[in-house]
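The values are calculated or read from the model by the stated rules, or taken from the named source; none is laboratory data. Bear in mind that the values here come from a model prediction, so they are computed numbers and not experimental data. Heads up, the Cβs are rebuilt from the backbone with ideal geometry, glycines too, and the neighbour counts pull from every protein chain shown. Please note that ligands, DNA and RNA were not included when accessible areas were found on the heavy atoms of the full protein model with its side chains. Shrake-Rupley method; radii C 1.70, N 1.55, O 1.52, S 1.80 Å.
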Protein chains: 2
Amino acid sequence: MPKGQPNVVPDDGLTTRQRRNRPLLAVHTGTGKGKSTAAFGLALRAWNQGWPVGVFQFVKSARWKVGEEHALRVLGASGEGGTVDWHKMGEGWSWIQRDAELGNEEAAREGWEQIKRDLAAETYGLYVLDEFAYPLHWGWVDTAEVVAVLRDRPGTQHVVITGRNAPPGLLDAADLVTEMTKVKHPMDAGQKGQRGIEW
Amino acid sequence: MPKGQPNVVPDDGLTTRQRRNRPLLAVHTGTGKGKSTAAFGLALRAWNQGWPVGVFQFVKSARWKVGEEHALRVLGASGEGGTVDWHKMGEGWSWIQRDAELGNEEAAREGWEQIKRDLAAETYGLYVLDEFAYPLHWGWVDTAEVVAVLRDRPGTQHVVITGRNAPPGLLDAADLVTEMTKVKHPMDAGQKGQRGIEW
């Protein structure tokens, strides 16, 4: 938990206040646990600031992250913080009529197209692009385009991208990169994932 | 995000169901970000399962984690999941009359004493012992005792401990250890922590 003073004061012509409010691009990568979980933890802070939060879940799975989704939906509806929109590729992007007919690659690209529209409209204060590193890694969505769009995004829109194998170009563009490393995992000792822990 | 089959099936005489429901001790350590954030993400899953969640925050700081605390308090009061108790060393443990007069070392030990009582009473389904690695590292609380108490805890009580410098004895005892590694951090580029991101 770093606090206090930064290591250097950059010669970028910005005031501390300007620098402080610069929108962040964060990437959580690596093979360990906690990449998405920490991103949803960030969403709690954004919600607490009253920011609209947009989650785009780039993975087709019914069971994973139901806890986080339920919690963030309850928070978003509580009226005590920001709103929360939760978009899931797996169950069909809400803005597309026949998402179920899309292949994974096409669906991932449709997700990115919507994110571009939302960034242009400054829809959210925080974007959680969960598992978005995968379609980038697989080349379904062009990393160079994503980096360019994020670099030029208007206003103060924070973005966190999760997933293994985040492409080098994305890491170069990110302000904050954390690698989650597995030191020890119960599955190594033969334990399967369990309710309340893995989902 | 590991899913699917475990790597080995242990010869421990347990059924998959028994093994699946074995209470976990998880440790999030390392110098990177996301240790606590991922622990609070786990708390969202526990809440979603309807488990009572107990947070013990072993750090004196007014500003950090206010977002997570607000979110978890709203969730705990929503009636849609489990309850949430949030205990803070910094503002005085709720069960102690004059916590403000305690030194850090004594306050940390008082926190551990309460955790022991709660474990014996099976008060919570998930314990978030936030920054508890520090009092262990500094020797304020005895790691061997913590390991023994956790090993013998009754029922199905999951525990997650966060903090840099988690002692080797704790890592040995843990079922799941994740190290968060800083790859790149905005403070390296002279940026100070910002609202909604760092707290």
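For the reader, a short list of remarks on this structure follows.
To keep it simple, each residue is scored yes or no on (1) among the charged types (D, E, K, R); (2) touching a residue at least 60 places away in the same chain (Cβ under 8 Å); (3) closer than 25 Å to A:Gln49 by Cβ.
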site	(1), (2), (3)
A:Leu72	no, no, yes
A:Glu91	yes, no, no
A:Gly103	no, no, no
A:Val147	no, no, no
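- Enumerated helices (runs of 4 or more DSSP H) restricted to segment A:72-187, each holding at least 3 residues that are surrounded by fewer than 19 Cβ atoms within 10 Å (Cβ to Cβ): A:104-121, A:143-151, A:168-173
- Whichever residue in segment A:154-192 is in contact with a Ser or Thr (Cβ under 9 Å, 6 or more places away or on another chain) and of a type in the set (Ser, Thr, Tyr) and, among such residues, is modelled with the lowest pLDDT: A:Thr181
- For A:Leu75, the criteria (1) within 14 Å of chain B (Cβ to nearest Cβ); (2) farther than 18 Å from A:Thr162 by Cα; (3) at pLDDT below 85 hold in every case but one, which is (3).
- Residue check, B:Trp112 more than 16 Å from the chain's Cα centre (by Cα) and aromatic (Phe, Trp, Tyr): no
- Any hit, segment B:38-55, residues being open to solvent by 10 Å² or more (accessible area, probe 1.4 Å), closer than 18 Å to B:Glu198 by Cα, facing chain A (nearest Cβ under 8 Å) and at pLDDT 70 or above: no
- Only one entry of B:Met89, B:Met180 meets the criterion of being away from chain A (no Cβ under 12 Å) and within 16 Å of the chain's Cα centre (by Cα), and that entry is B:Met89.
- Test: residue in segment B:116-128 that is within 21 Å of B:His28 (Cα to Cα), within 13 Å of the chain's Cα centre (by Cα) and away from chain A (no Cβ under 14 Å): no
- Output for segment B:6-25, where each listed residue is at pLDDT below 95 and more than 8 Å from chain A (Cβ to nearest Cβ): B:Asp11, B:Gly13, B:Leu14, B:Thr15, B:Arg17, B:Gln18, B:Pro23
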